[in-house]
Amino acid sequence: MLAAVGSETARAYLELGAVILALGLGARLSSRLELSPIGLYLLIGLVLGSLDIPQLSGDFVEFAASLGVILLLFLLGLEYTAQELAENLRRFLPVGIADAALNFPPGVAFGLLLGWEPLAAVLLGGVTWVSSSGIVAKALGDLGRLGNRETPAVLAVLVLEDLAMTLYLPLIASLLVGGGLLAALGSVAAALSAAAVVLVLALRYGSVVGRLVEHRSEEAVLLTALGLVLIVAGIAEKLQVSAGVGAFLVGIALSGEVAHRTRALLAPIRDFNAALFFLFFALQIDTRALLDVAAPALVLAVATAGTKIATGWLGAARAGVGRRGRARAGLTLVPRGEFSIVIAGLGVGAGLEPQLAPLAAAYVLVLALAGPVLMRFPDALPALPARFAPDGARGPSTLRRP
Amino acid sequence: MAGLVGRSGGNCLSVPDFGEIEETPLPGVGVRYDFTTEQGNRLGIVVHDSGERELLICDAADPDAARTLPLAQRDLVRLREVLAIGTGDSDR
(Lines give C-alpha, C1' and ligand atoms only; values in the text may rest on other atoms or scores of the structure.)
Protein backbone atom coordinates (compact mmCIF):
# COMPACT_ATOMS: atom_id res chain seq x y z
CA MET A 1 0.00 0.00 0.00
CA LEU A 2 2.69 2.42 1.07
CA ALA A 3 4.84 1.39 -1.88
CA ALA A 4 1.99 2.03 -4.29
CA VAL A 5 1.46 5.52 -2.90
CA GLY A 6 5.22 6.14 -3.02
CA SER A 7 5.48 5.17 -6.66
CA GLU A 8 2.49 7.35 -7.49
CA THR A 9 4.11 10.30 -5.77
CA ALA A 10 7.32 9.60 -7.62
CA ARG A 11 5.43 9.60 -10.88
CA ALA A 12 3.77 12.90 -10.04
CA TYR A 13 7.15 14.48 -9.26
CA LEU A 14 8.65 13.15 -12.47
CA GLU A 15 5.82 14.38 -14.66
CA LEU A 16 5.51 17.78 -13.05
CA GLY A 17 9.28 18.17 -12.99
CA ALA A 18 9.54 17.44 -16.70
CA VAL A 19 6.77 19.90 -17.51
CA ILE A 20 8.21 22.69 -15.34
CA LEU A 21 11.61 22.04 -16.86
CA ALA A 22 10.04 22.44 -20.30
CA LEU A 23 8.60 25.80 -19.16
CA GLY A 24 12.05 26.77 -17.92
CA LEU A 25 13.52 26.00 -21.34
CA GLY A 26 10.75 28.10 -22.87
CA ALA A 27 11.63 31.00 -20.59
CA ARG A 28 15.31 30.66 -21.53
CA LEU A 29 14.48 30.63 -25.23
CA SER A 30 12.17 33.64 -24.92
CA SER A 31 14.87 35.54 -23.09
CA ARG A 32 17.43 34.74 -25.78
CA LEU A 33 15.07 35.69 -28.61
CA GLU A 34 13.86 38.75 -26.66
CA LEU A 35 10.29 37.52 -26.92
CA SER A 36 7.53 37.45 -24.35
CA PRO A 37 7.54 34.17 -22.42
CA ILE A 38 3.72 34.08 -22.53
CA GLY A 39 3.77 33.00 -26.17
CA LEU A 40 6.23 30.20 -25.46
CA TYR A 41 4.28 28.94 -22.42
CA LEU A 42 1.19 28.76 -24.62
CA LEU A 43 3.11 26.88 -27.33
CA ILE A 44 4.48 24.40 -24.79
CA GLY A 45 0.96 23.90 -23.43
CA LEU A 46 -0.38 23.22 -26.91
CA VAL A 47 2.30 20.60 -27.55
CA LEU A 48 1.93 18.93 -24.14
CA GLY A 49 -1.84 18.95 -24.52
CA SER A 50 -1.60 16.36 -27.27
CA LEU A 51 0.54 14.10 -25.04
CA ASP A 52 -2.13 13.52 -22.38
CA ILE A 53 -0.11 13.70 -19.15
CA PRO A 54 -2.41 12.78 -16.24
CA GLN A 55 -0.73 14.99 -13.61
CA LEU A 56 -1.47 18.08 -15.65
CA SER A 57 -5.22 17.66 -15.49
CA GLY A 58 -5.02 17.13 -11.74
CA ASP A 59 -6.20 19.46 -8.99
CA PHE A 60 -2.73 20.75 -8.24
CA VAL A 61 -2.13 22.35 -11.62
CA GLU A 62 -5.65 23.74 -11.77
CA PHE A 63 -5.31 25.35 -8.34
CA ALA A 64 -1.82 26.67 -9.08
CA ALA A 65 -3.15 28.17 -12.31
CA SER A 66 -5.99 30.01 -10.57
CA LEU A 67 -3.53 31.24 -7.95
CA GLY A 68 -1.45 32.50 -10.87
CA VAL A 69 -4.29 34.78 -12.00
CA ILE A 70 -4.80 36.13 -8.48
CA LEU A 71 -1.10 36.88 -8.09
CA LEU A 72 -0.83 38.43 -11.57
CA LEU A 73 -3.50 40.92 -10.59
CA PHE A 74 -2.22 41.46 -7.07
CA LEU A 75 1.26 42.35 -8.27
CA LEU A 76 -0.20 44.59 -10.95
CA GLY A 77 -2.12 46.42 -8.23
CA LEU A 78 1.07 46.70 -6.17
CA GLU A 79 2.72 48.63 -8.99
CA TYR A 80 0.22 51.44 -8.78
CA THR A 81 -0.61 53.79 -5.96
CA ALA A 82 -4.08 55.22 -5.47
CA GLN A 83 -2.65 58.66 -6.28
CA GLU A 84 -1.34 57.46 -9.63
CA LEU A 85 -4.68 55.91 -10.50
CA ALA A 86 -6.60 59.05 -9.56
CA GLU A 87 -4.15 61.26 -11.45
CA ASN A 88 -4.30 59.12 -14.60
CA LEU A 89 -8.05 58.90 -14.41
CA ARG A 90 -8.23 62.68 -14.26
CA ARG A 91 -5.71 63.41 -17.02
CA PHE A 92 -6.24 60.57 -19.47
CA LEU A 93 -9.86 59.47 -19.08
CA PRO A 94 -10.75 60.44 -22.69
CA VAL A 95 -7.86 58.29 -23.92
CA GLY A 96 -9.12 55.36 -21.84
CA ILE A 97 -12.59 55.80 -23.29
CA ALA A 98 -11.19 55.97 -26.84
CA ASP A 99 -9.17 52.83 -26.10
CA ALA A 100 -12.30 50.94 -25.03
CA ALA A 101 -14.37 52.33 -27.91
CA LEU A 102 -11.74 51.35 -30.49
CA ASN A 103 -10.68 47.94 -29.20
CA PHE A 104 -13.65 46.35 -27.46
CA PRO A 105 -16.27 46.48 -30.26
CA PRO A 106 -14.09 44.74 -32.90
CA GLY A 107 -13.85 41.61 -30.76
CA VAL A 108 -17.57 41.61 -29.98
CA ALA A 109 -18.51 42.15 -33.63
CA PHE A 110 -16.12 39.42 -34.73
CA GLY A 111 -17.57 36.94 -32.25
CA LEU A 112 -21.10 37.69 -33.42
CA LEU A 113 -19.99 37.35 -37.04
CA LEU A 114 -18.68 33.89 -36.21
CA GLY A 115 -22.15 33.07 -34.96
CA TRP A 116 -21.24 32.87 -31.27
CA GLU A 117 -23.63 33.51 -28.42
CA PRO A 118 -23.51 37.17 -27.26
CA LEU A 119 -21.72 36.45 -23.98
CA ALA A 120 -18.84 34.67 -25.75
CA ALA A 121 -18.62 37.64 -28.12
CA VAL A 122 -18.43 40.03 -25.13
CA LEU A 123 -15.52 37.96 -23.80
CA LEU A 124 -13.77 38.18 -27.17
CA GLY A 125 -14.24 41.94 -26.94
CA GLY A 126 -12.30 41.84 -23.68
CA VAL A 127 -9.60 39.72 -25.32
CA THR A 128 -9.04 42.33 -28.05
CA TRP A 129 -9.41 45.32 -25.72
CA VAL A 130 -6.61 44.93 -23.20
CA SER A 131 -2.94 45.38 -24.07
CA SER A 132 -0.40 43.33 -22.20
CA SER A 133 0.86 45.48 -19.32
CA GLY A 134 3.67 42.98 -18.80
CA ILE A 135 4.97 43.01 -22.37
CA VAL A 136 4.50 46.74 -22.96
CA ALA A 137 6.00 47.97 -19.68
CA LYS A 138 9.01 45.70 -20.07
CA ALA A 139 9.53 46.75 -23.69
CA LEU A 140 9.47 50.45 -22.78
CA GLY A 141 12.37 49.82 -20.43
CA ASP A 142 14.25 47.50 -22.78
CA LEU A 143 13.95 49.86 -25.75
CA GLY A 144 15.11 52.79 -23.64
CA ARG A 145 11.88 54.70 -24.12
CA LEU A 146 11.15 55.64 -20.52
CA GLY A 147 12.45 59.14 -21.18
CA ASN A 148 10.26 59.63 -24.24
CA ARG A 149 7.43 62.13 -24.19
CA GLU A 150 4.80 59.68 -25.38
CA THR A 151 5.58 57.19 -22.61
CA PRO A 152 3.26 58.65 -19.91
CA ALA A 153 0.36 58.34 -22.38
CA VAL A 154 1.27 54.72 -23.15
CA LEU A 155 1.46 53.88 -19.46
CA ALA A 156 -1.82 55.70 -18.85
CA VAL A 157 -3.59 53.44 -21.36
CA LEU A 158 -2.29 50.41 -19.44
CA VAL A 159 -3.34 51.87 -16.09
CA LEU A 160 -6.84 52.74 -17.29
CA GLU A 161 -7.32 49.31 -18.86
CA ASP A 162 -6.34 47.65 -15.60
CA LEU A 163 -8.75 49.93 -13.79
CA ALA A 164 -11.49 49.17 -16.32
CA MET A 165 -10.98 45.47 -15.57
CA THR A 166 -12.24 46.07 -12.02
CA LEU A 167 -15.63 46.66 -13.63
CA TYR A 168 -15.42 44.36 -16.65
CA LEU A 169 -14.34 41.21 -14.76
CA PRO A 170 -17.19 41.35 -12.19
CA LEU A 171 -19.65 41.98 -15.02
CA ILE A 172 -18.40 38.89 -16.84
CA ALA A 173 -18.14 36.79 -13.69
CA SER A 174 -21.74 37.53 -12.86
CA LEU A 175 -23.07 37.00 -16.40
CA LEU A 176 -21.22 33.68 -16.60
CA VAL A 177 -23.01 32.21 -13.59
CA GLY A 178 -26.26 33.12 -15.34
CA GLY A 179 -27.49 35.71 -12.87
CA GLY A 180 -28.97 37.87 -15.62
CA LEU A 181 -28.30 41.50 -16.36
CA LEU A 182 -29.69 42.87 -13.09
CA ALA A 183 -27.44 40.64 -10.98
CA ALA A 184 -24.53 41.56 -13.24
CA LEU A 185 -25.16 45.25 -12.66
CA GLY A 186 -25.27 44.48 -8.95
CA SER A 187 -21.82 42.90 -9.19
CA VAL A 188 -20.48 45.90 -11.07
CA ALA A 189 -21.95 48.23 -8.46
CA ALA A 190 -20.33 46.14 -5.70
CA ALA A 191 -16.98 46.26 -7.48
CA LEU A 192 -17.32 49.98 -8.09
CA SER A 193 -18.05 50.65 -4.41
CA ALA A 194 -15.20 48.38 -3.32
CA ALA A 195 -12.81 50.18 -5.68
CA ALA A 196 -14.04 53.59 -4.52
CA VAL A 197 -13.66 52.61 -0.84
CA VAL A 198 -10.12 51.31 -1.45
CA LEU A 199 -9.12 54.44 -3.40
CA VAL A 200 -10.55 56.83 -0.82
CA LEU A 201 -9.09 54.91 2.13
CA ALA A 202 -5.68 54.74 0.46
CA LEU A 203 -5.76 58.43 -0.46
CA ARG A 204 -7.03 59.64 2.93
CA TYR A 205 -5.46 57.38 5.48
CA GLY A 206 -2.29 56.34 3.72
CA SER A 207 -1.20 52.78 4.10
CA VAL A 208 -3.42 51.19 6.73
CA VAL A 209 -3.00 47.81 5.07
CA GLY A 210 0.70 48.53 4.80
CA ARG A 211 1.09 48.62 8.57
CA LEU A 212 -0.78 45.34 8.79
CA VAL A 213 1.67 43.64 6.43
CA GLU A 214 4.95 45.38 7.32
CA HIS A 215 7.46 43.45 9.41
CA ARG A 216 11.23 43.18 9.50
CA SER A 217 11.06 39.46 8.75
CA GLU A 218 10.64 38.63 5.06
CA GLU A 219 8.77 35.45 5.87
CA ALA A 220 6.28 37.38 7.95
CA VAL A 221 5.62 39.84 5.11
CA LEU A 222 5.37 37.07 2.52
CA LEU A 223 2.91 34.94 4.46
CA THR A 224 0.78 37.84 5.73
CA ALA A 225 0.46 39.34 2.26
CA LEU A 226 -0.31 36.01 0.61
CA GLY A 227 -2.90 35.12 3.24
CA LEU A 228 -4.53 38.54 3.07
CA VAL A 229 -4.75 38.45 -0.73
CA LEU A 230 -6.30 34.98 -0.77
CA ILE A 231 -8.90 35.93 1.84
CA VAL A 232 -9.93 39.07 -0.02
CA ALA A 233 -9.91 37.15 -3.32
CA GLY A 234 -12.13 34.52 -1.73
CA ILE A 235 -14.59 37.10 -0.43
CA ALA A 236 -14.63 38.84 -3.82
CA GLU A 237 -15.27 35.53 -5.59
CA LYS A 238 -18.09 34.75 -3.18
CA LEU A 239 -19.68 38.14 -3.92
CA GLN A 240 -19.21 37.50 -7.66
CA VAL A 241 -16.88 40.45 -7.94
CA SER A 242 -14.16 38.08 -9.24
CA ALA A 243 -11.17 36.95 -7.18
CA GLY A 244 -8.69 38.79 -9.40
CA VAL A 245 -10.37 42.15 -8.83
CA GLY A 246 -10.22 41.63 -5.07
CA ALA A 247 -6.51 40.87 -5.34
CA PHE A 248 -5.94 43.92 -7.57
CA LEU A 249 -7.62 46.19 -5.01
CA VAL A 250 -5.48 44.82 -2.16
CA GLY A 251 -2.47 45.63 -4.33
CA ILE A 252 -3.70 49.21 -4.79
CA ALA A 253 -4.26 49.58 -1.04
CA LEU A 254 -0.66 48.60 -0.37
CA SER A 255 1.85 51.27 -1.34
CA GLY A 256 5.27 52.62 -0.55
CA GLU A 257 8.17 50.62 0.79
CA VAL A 258 6.08 47.66 1.91
CA ALA A 259 4.58 47.38 -1.59
CA HIS A 260 8.08 47.16 -3.12
CA ARG A 261 9.11 44.50 -0.62
CA THR A 262 5.96 42.48 -1.13
CA ARG A 263 6.35 42.68 -4.87
CA ALA A 264 9.90 41.44 -4.75
CA LEU A 265 8.95 38.59 -2.41
CA LEU A 266 5.90 37.43 -4.33
CA ALA A 267 7.24 37.89 -7.87
CA PRO A 268 8.87 34.43 -8.02
CA ILE A 269 5.65 32.75 -6.81
CA ARG A 270 3.68 34.76 -9.34
CA ASP A 271 6.05 33.75 -12.12
CA PHE A 272 5.72 30.06 -11.26
CA ASN A 273 1.94 30.08 -10.95
CA ALA A 274 1.39 32.34 -13.95
CA ALA A 275 3.50 30.02 -16.11
CA LEU A 276 1.29 27.14 -14.98
CA PHE A 277 -1.78 29.24 -15.74
CA PHE A 278 -0.77 29.87 -19.36
CA LEU A 279 0.20 26.22 -19.67
CA PHE A 280 -3.08 25.03 -18.19
CA PHE A 281 -5.06 27.28 -20.53
CA ALA A 282 -3.26 25.95 -23.60
CA LEU A 283 -3.49 22.33 -22.43
CA GLN A 284 -7.25 22.37 -22.80
CA ILE A 285 -7.06 23.37 -26.44
CA ASP A 286 -7.44 20.81 -29.17
CA THR A 287 -4.56 21.42 -31.57
CA ARG A 288 -6.78 20.67 -34.57
CA ALA A 289 -9.23 23.37 -33.45
CA LEU A 290 -6.29 25.76 -33.52
CA LEU A 291 -5.86 25.21 -37.26
CA ASP A 292 -9.53 25.96 -37.86
CA VAL A 293 -9.30 29.32 -36.15
CA ALA A 294 -5.89 30.31 -37.52
CA ALA A 295 -7.25 32.47 -40.36
CA PRO A 296 -9.90 34.28 -38.27
CA ALA A 297 -7.34 34.88 -35.52
CA LEU A 298 -4.95 36.44 -38.01
CA VAL A 299 -7.66 38.71 -39.43
CA LEU A 300 -8.68 39.79 -35.93
CA ALA A 301 -5.04 40.35 -34.95
CA VAL A 302 -4.39 42.60 -37.94
CA ALA A 303 -7.62 44.56 -37.42
CA THR A 304 -7.09 45.13 -33.70
CA ALA A 305 -3.40 45.91 -34.15
CA GLY A 306 -4.73 48.75 -36.29
CA THR A 307 -7.20 49.94 -33.67
CA LYS A 308 -4.49 49.84 -30.98
CA ILE A 309 -2.16 51.90 -33.16
CA ALA A 310 -4.97 54.44 -33.51
CA THR A 311 -5.42 54.45 -29.72
CA GLY A 312 -1.76 55.15 -29.04
CA TRP A 313 -1.68 57.75 -31.80
CA LEU A 314 -4.62 59.62 -30.25
CA GLY A 315 -3.24 59.35 -26.72
CA ALA A 316 0.18 60.66 -27.70
CA ALA A 317 -1.32 63.43 -29.83
CA ARG A 318 -3.32 64.53 -26.79
CA ALA A 319 -0.06 64.76 -24.86
CA GLY A 320 1.30 67.08 -27.56
CA VAL A 321 3.69 64.54 -29.05
CA GLY A 322 4.79 64.64 -32.70
CA ARG A 323 4.06 62.07 -35.40
CA ARG A 324 7.00 59.79 -34.77
CA GLY A 325 6.18 59.61 -31.08
CA ARG A 326 2.53 58.93 -31.90
CA ALA A 327 3.55 56.05 -34.15
CA ARG A 328 5.80 54.70 -31.39
CA ALA A 329 2.99 54.93 -28.83
CA GLY A 330 0.56 53.15 -31.14
CA LEU A 331 2.87 50.32 -32.09
CA THR A 332 4.00 49.80 -28.48
CA LEU A 333 0.45 49.10 -27.36
CA VAL A 334 -0.20 46.35 -29.93
CA PRO A 335 0.82 43.26 -27.86
CA ARG A 336 -1.98 41.43 -26.06
CA GLY A 337 -1.11 38.90 -23.42
CA GLU A 338 -1.95 37.90 -19.88
CA PHE A 339 -5.28 39.71 -19.56
CA SER A 340 -6.60 38.37 -22.85
CA ILE A 341 -5.87 34.84 -21.67
CA VAL A 342 -7.38 35.52 -18.23
CA ILE A 343 -10.58 36.74 -19.89
CA ALA A 344 -10.76 33.84 -22.35
CA GLY A 345 -10.01 31.49 -19.46
CA LEU A 346 -13.16 32.67 -17.69
CA GLY A 347 -15.19 31.56 -20.71
CA VAL A 348 -13.45 28.19 -20.85
CA GLY A 349 -14.10 27.60 -17.16
CA ALA A 350 -17.79 28.24 -17.72
CA GLY A 351 -17.96 25.91 -20.74
CA LEU A 352 -18.78 28.68 -23.19
CA GLU A 353 -18.18 28.66 -26.97
CA PRO A 354 -15.55 25.97 -27.73
CA GLN A 355 -13.84 28.14 -30.35
CA LEU A 356 -13.13 30.94 -27.85
CA ALA A 357 -10.07 29.33 -26.25
CA PRO A 358 -8.27 28.31 -29.47
CA LEU A 359 -9.08 31.66 -31.10
CA ALA A 360 -7.82 33.62 -28.07
CA ALA A 361 -4.67 31.47 -27.90
CA ALA A 362 -3.88 31.92 -31.60
CA TYR A 363 -4.67 35.65 -31.36
CA VAL A 364 -2.42 36.19 -28.34
CA LEU A 365 0.33 34.07 -29.91
CA VAL A 366 0.32 36.28 -33.01
CA LEU A 367 0.24 39.60 -31.14
CA ALA A 368 2.50 38.63 -28.24
CA LEU A 369 5.15 37.49 -30.70
CA ALA A 370 4.66 40.07 -33.49
CA GLY A 371 4.01 43.03 -31.18
CA PRO A 372 7.54 43.38 -29.82
CA VAL A 373 8.88 43.25 -33.39
CA LEU A 374 6.41 45.91 -34.56
CA MET A 375 7.26 48.28 -31.72
CA ARG A 376 10.90 48.44 -32.82
CA PHE A 377 9.84 49.59 -36.27
CA PRO A 378 9.71 53.38 -35.67
CA ASP A 379 13.32 53.36 -34.43
CA ALA A 380 14.43 51.69 -37.64
CA LEU A 381 12.99 54.47 -39.79
CA PRO A 382 15.52 57.04 -40.98
CA ALA A 383 15.48 60.24 -38.95
CA LEU A 384 13.85 63.34 -40.41
CA PRO A 385 16.30 65.81 -41.94
CA ALA A 386 17.21 68.44 -39.34
CA ARG A 387 15.53 71.32 -41.19
CA PHE A 388 12.19 69.54 -41.03
CA ALA A 389 12.56 68.84 -37.35
CA PRO A 390 10.30 70.83 -35.03
CA ASP A 391 11.49 73.88 -33.11
CA GLY A 392 12.89 72.17 -30.05
CA ALA A 393 15.51 70.42 -32.14
CA ARG A 394 17.26 73.42 -33.64
CA GLY A 395 20.15 73.64 -31.22
CA PRO A 396 23.61 73.66 -32.78
CA SER A 397 24.78 70.83 -30.53
CA THR A 398 23.01 68.17 -32.50
CA LEU A 399 22.83 64.79 -30.86
CA ARG A 400 22.71 62.21 -33.56
CA ARG A 401 21.76 58.63 -33.47
CA PRO A 402 24.73 56.36 -34.05
CA MET B 1 15.99 62.51 -4.06
CA ALA B 2 12.57 64.02 -4.55
CA GLY B 3 13.48 66.53 -1.89
CA LEU B 4 16.56 67.64 -3.77
CA VAL B 5 14.79 68.22 -7.02
CA GLY B 6 12.31 70.96 -6.43
CA ARG B 7 9.99 72.39 -9.00
CA SER B 8 11.87 75.68 -8.78
CA GLY B 9 14.75 74.50 -10.91
CA GLY B 10 17.17 75.64 -8.21
CA ASN B 11 19.37 72.69 -8.98
CA CYS B 12 20.71 74.16 -12.19
CA LEU B 13 24.21 75.26 -11.36
CA SER B 14 24.79 78.65 -12.91
CA VAL B 15 21.56 79.12 -14.79
CA PRO B 16 19.21 80.90 -12.42
CA ASP B 17 15.55 80.21 -12.95
CA PHE B 18 16.03 78.70 -16.39
CA GLY B 19 14.51 75.42 -17.46
CA GLU B 20 12.16 74.41 -14.68
CA ILE B 21 12.53 70.82 -13.60
CA GLU B 22 9.47 68.91 -14.65
CA GLU B 23 8.32 65.94 -12.62
CA THR B 24 6.36 63.31 -14.58
CA PRO B 25 4.97 60.23 -12.84
CA LEU B 26 5.42 56.98 -14.78
CA PRO B 27 2.91 54.64 -13.13
CA GLY B 28 4.34 51.22 -12.46
CA VAL B 29 7.84 52.40 -13.38
CA GLY B 30 8.88 55.43 -11.39
CA VAL B 31 9.23 59.17 -11.93
CA ARG B 32 10.90 61.18 -14.65
CA TYR B 33 12.62 64.49 -13.81
CA ASP B 34 13.76 66.61 -16.72
CA PHE B 35 14.32 70.16 -17.88
CA THR B 36 14.98 71.91 -21.17
CA THR B 37 18.49 73.18 -21.69
CA GLU B 38 19.23 76.63 -23.06
CA GLN B 39 19.80 75.06 -26.44
CA GLY B 40 16.42 73.40 -26.34
CA ASN B 41 17.37 69.81 -25.54
CA ARG B 42 15.60 67.89 -22.81
CA LEU B 43 17.90 66.49 -20.16
CA GLY B 44 17.04 64.58 -17.02
CA ILE B 45 16.79 61.29 -15.20
CA VAL B 46 14.28 58.50 -14.76
CA VAL B 47 14.16 57.27 -11.17
CA HIS B 48 12.72 53.76 -11.03
CA ASP B 49 10.59 52.63 -8.07
CA SER B 50 13.31 50.05 -7.49
CA GLY B 51 15.88 52.85 -7.07
CA GLU B 52 17.61 52.38 -10.43
CA ARG B 53 18.40 55.55 -12.37
CA GLU B 54 18.68 56.31 -16.04
CA LEU B 55 20.12 59.45 -17.53
CA LEU B 56 18.04 60.78 -20.41
CA ILE B 57 19.04 63.13 -23.20
CA CYS B 58 16.59 64.12 -25.85
CA ASP B 59 17.31 63.35 -29.45
CA ALA B 60 17.65 66.50 -31.53
CA ALA B 61 16.14 64.79 -34.56
CA ASP B 62 13.01 63.96 -32.56
CA PRO B 63 12.38 66.06 -29.46
CA ASP B 64 9.86 63.51 -28.17
CA ALA B 65 12.41 60.71 -28.09
CA ALA B 66 15.20 60.37 -25.59
CA ARG B 67 18.32 58.32 -25.40
CA THR B 68 18.76 56.72 -22.02
CA LEU B 69 21.78 55.50 -20.14
CA PRO B 70 21.51 53.37 -17.01
CA LEU B 71 23.49 54.80 -14.09
CA ALA B 72 24.81 52.72 -11.21
CA GLN B 73 25.33 54.27 -7.78
CA ARG B 74 29.04 54.80 -8.40
CA ASP B 75 28.33 56.33 -11.82
CA LEU B 76 26.21 58.94 -10.07
CA VAL B 77 29.10 59.85 -7.79
CA ARG B 78 31.44 60.16 -10.78
CA LEU B 79 28.90 62.20 -12.76
CA ARG B 80 28.47 64.62 -9.89
CA GLU B 81 32.26 64.99 -9.67
CA VAL B 82 32.64 65.53 -13.39
CA LEU B 83 29.91 68.15 -13.48
CA ALA B 84 31.44 70.02 -10.55
CA ILE B 85 34.85 70.40 -12.23
CA GLY B 86 35.67 74.03 -12.81
CA THR B 87 32.51 75.40 -11.24
CA GLY B 88 34.10 76.18 -7.91
CA ASP B 89 32.10 73.41 -6.23
CA SER B 90 34.76 70.88 -7.03
CA ASP B 91 36.70 69.28 -4.20
CA ARG B 92 39.71 68.81 -6.42
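Worth a mention:
- Subset of segment B:18-35 (residues that are more than 7 Å from every other protein chain (Cβ to nearest Cβ), surrounded by fewer than 18 Cβ atoms within 10 Å (Cβ to Cβ) and part of a strand (DSSP E or B)): B:Glu22, B:Glu23, B:Val31
A quick yes/no check of all residues on (1) open to solvent by 40 Å² or more (accessible area, probe 1.4 Å); (2) more than 14 Å from chain B (Cβ to nearest Cβ); (3) touching a strand residue (DSSP E or B) at 6+ places or on another chain (Cβ under 9 Å):
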| residue | (1), (2), (3) |
| --- | --- |
| A:Val136 | no, no, no |
| A:Pro170 | no, yes, no |
| A:Leu181 | yes, yes, no |
| A:Leu185 | yes, yes, no |
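- Residue count for segment A:316-357, restricted to those that are open to solvent by less than 10 Å² (accessible area, probe 1.4 Å) and touching an Asp or Glu at 6+ places or on another chain (Cβ under 7 Å): 6
- Residue within segment A:296-316 that is among the small types (Gly, Ala, Ser), in contact (Cβ under 8 Å) with a residue 24 or more places away in the chain, in contact with a Ser or Thr (Cβ under 8 Å, 6 or more places away or on another chain) and farther than 15 Å from A:Ala362 by Cβ present: yes
- When A:Ala65, A:Ala10, A:Ala18 are screened for being more than 25 Å from A:Leu140 (Cα to Cα) and touching a Phe, Trp or Tyr at 6+ places or on another chain (Cβ under 6 Å), only A:Ala65 passes.
- Set side by side, the residues A:Gly126, A:Gly141 differ, and just one is touching a residue at least 60 places away in the same chain (Cβ under 8 Å) and either buried (at least 24 other Cβ atoms within 10 Å of the Cβ) or facing chain B (nearest Cβ under 10 Å) (or both), which is A:Gly126.
- Among the residues of segment A:214-226, at least one is open to solvent by less than 10 Å² (accessible area, probe 1.4 Å) and more than 14 Å from chain B (Cβ to nearest Cβ).
- Close pairs from segment A:31-54: first at positive phi, partner assigned to a helix (DSSP H, G or I) and not hydroxyl-bearing (Ser, Thr, Tyr), Cβ under 8 Å, at least 6 apart: A:Glu34/A:Asp142; A:Glu34/A:Pro372
- Of the residues making up segment A:259-288, those that are more than 20 Å from A:Ile38 (Cβ to Cβ) and open to solvent by 10 Å² or more (accessible area, probe 1.4 Å) are A:His260, A:Arg261, A:Ala264, A:Leu265, A:Asp286, A:Arg288.
- Counted residues, segment B:45-68 - those being at the interface with chain A (Cβ under 7 Å from one of its Cβ atoms), open to solvent by 10 Å² or more (accessible area, probe 1.4 Å) and β-branched (Val, Ile, Thr): 2
The values are calculated or read from the model by the stated rules, or taken from the named source; none is laboratory data. All values reported here derive from a predicted model rather than from experimental measurement. With ideal geometry, Cβ positions are generated from the backbone for all residues, glycine too; neighbour counts draw on all protein chains shown. Just the protein is used for accessible areas: all its heavy atoms, side chains included, with ligands, DNA and RNA removed. Shrake-Rupley method; radii C 1.70, N 1.55, O 1.52, S 1.80 Å.
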